1. Quick check, is residue 241 at pLDDT 70 or above and either within 26 Å of the chain's Cα centre (by Cα) or crowded, with 17+ Cβ neighbours inside 10 Å (or both)?
2. Among the residues of segment 99-143, write down those that are of a type in the set (Ser, Thr, Tyr) and surrounded by fewer than 21 Cβ atoms within 10 Å (Cβ to Cβ).
3. Go through segment 1-98 and tell me which strands (runs of 3 or more DSSP E), entirely inside it, have 2 or more residues that are hydroxyl-bearing (Ser, Thr, Tyr) and surrounded by 15 or more Cβ atoms within 10 Å (Cβ to Cβ).
4. Of (1) more than 21 Å from the chain's Cα centre (by Cα); (2) at pLDDT below 95; (3) not hydroxyl-bearing (Ser, Thr, Tyr), residue 102 satisfies all except one. Which?
Amino acid sequence: MCQFFSAVLTKGHKVHALFGVNSHEDIIEILDLRERTVRGEPALVRCELEPPSSITLDFERWKFKCNQDILPSWYDETIARDAMVRYLQNAPTLTGEVGIVDGNYYFSTAKVRLMIGRSSILYMLPGAEVKEMHDYSYIGRMSSARVGLMYGSSCVGVMRGWSLIDCVSASAQVSAMADDSRIGTMIRKTSVGMMCQHAHIDIMTDDSSVHHLGDEADVQTMKGQSVIDLVSSQARIGMMEQHSIVKEFCDDATIELMCGHSQVLDMYGKAKVREVRDFAVVRSERKAA
């Protein structure tokens, strides 16, 4: 599977890459690169630079990989690695204090006031911050970073460490939050993917949907056609209304005040339910071994 950062090298170790694209085959197709010479020999090499678990802008510490068995005669691994490193060293990066971002950036250690348009940041490093995201702005991965307000169709991909989002609205999406991440105030057609460990969500409205909350997760005030699937140990959910559905709770789960056509299925351990109304279905059984 292709990883960030993926690129295709041609003769002279020229680096071909596309912002936000990690598939070698997509890069080859979009840039219309020739894979074979007239003699049938390889004309390019598929390469990657993979960041360490604790991402750093010291690209010399990134792991270099060549995803190809048959190589052209001009290929040299040391030169190829150096070319990849230089490419990232020259990649657009945000630093310091930044007012408005309206463009694409690979990395950010900056404190950004506002992201607008179709602006993107692929990696937010520890200490980085975005106060507001508007329109179709996008953040790929966050590590010990922070986002304040999200509006429009803005989206955050992966959040790790102490990452936090204060407000998400309109059609914004958040997925894959880990460690002590927290989300507050998601509005309208918002969606949260995976939240693990000490994650917390507060106030999701309209057509909000949450799938797979992790350890000790705490969700309060979901409205509209809310759906939660697979909540793990010590989770607590407060006030789900309208067409809410909750399935596959685990030990010590607690639900209070589900209304509308709500359903609660497969609650285990010390699970407790209060004020389930209308056509709701509740089942609290331990599955047979």
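The values are calculated or read from the model by the stated rules, or taken from the named source; none is laboratory data. Only a predicted model underlies this, so the values are computations on that prediction, with no experimental measurement involved. Reconstructed Cβ throughout: ideal geometry from the backbone, glycine too, with neighbour counts over all protein chains shown.
1. Criteria met by residue 241.
2. Answer for segment 99-143, where residues must be of a type in the set (Ser, Thr, Tyr) and surrounded by fewer than 21 Cβ atoms within 10 Å (Cβ to Cβ): 109, 120, 136, 138.
3. Those strands (runs of 3 or more DSSP E) span 6-10.
4. Status for residue 102: all satisfied but (1).
Conditions tested, residue by residue: (1) at pLDDT below 70; (2) under 24 Å from the mean Cα position of the chain (by Cα); (3) within 23 Å of residue 133 (Cβ to Cβ).
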{"residue": "214", "(1), (2), (3)": "yes, yes, no"}
{"residue": "218", "(1), (2), (3)": "no, yes, no"}
{"residue": "225", "(1), (2), (3)": "no, yes, no"}
{"residue": "269", "(1), (2), (3)": "yes, no, no"}
{"residue": "272", "(1), (2), (3)": "no, no, no"}
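This table checks each residue for (1) without any contact (Cβ under 8 Å) to a residue 24 or more places away in the chain; (2) touching a helix residue (DSSP H, G or I) at 6+ places or on another chain (Cβ under 7 Å); (3) small (Gly, Ala, Ser); (4) over 15 Å from residue 142 (Cα atoms).
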site: 88; (1), (2), (3), (4): no, yes, no, yes
site: 92; (1), (2), (3), (4): yes, no, no, yes
site: 98; (1), (2), (3), (4): yes, no, no, yes
site: 103; (1), (2), (3), (4): yes, no, yes, yes
site: 112; (1), (2), (3), (4): yes, no, no, no
site: 116; (1), (2), (3), (4): yes, no, no, yes
site: 121; (1), (2), (3), (4): no, no, no, no
site: 127; (1), (2), (3), (4): yes, no, yes, no
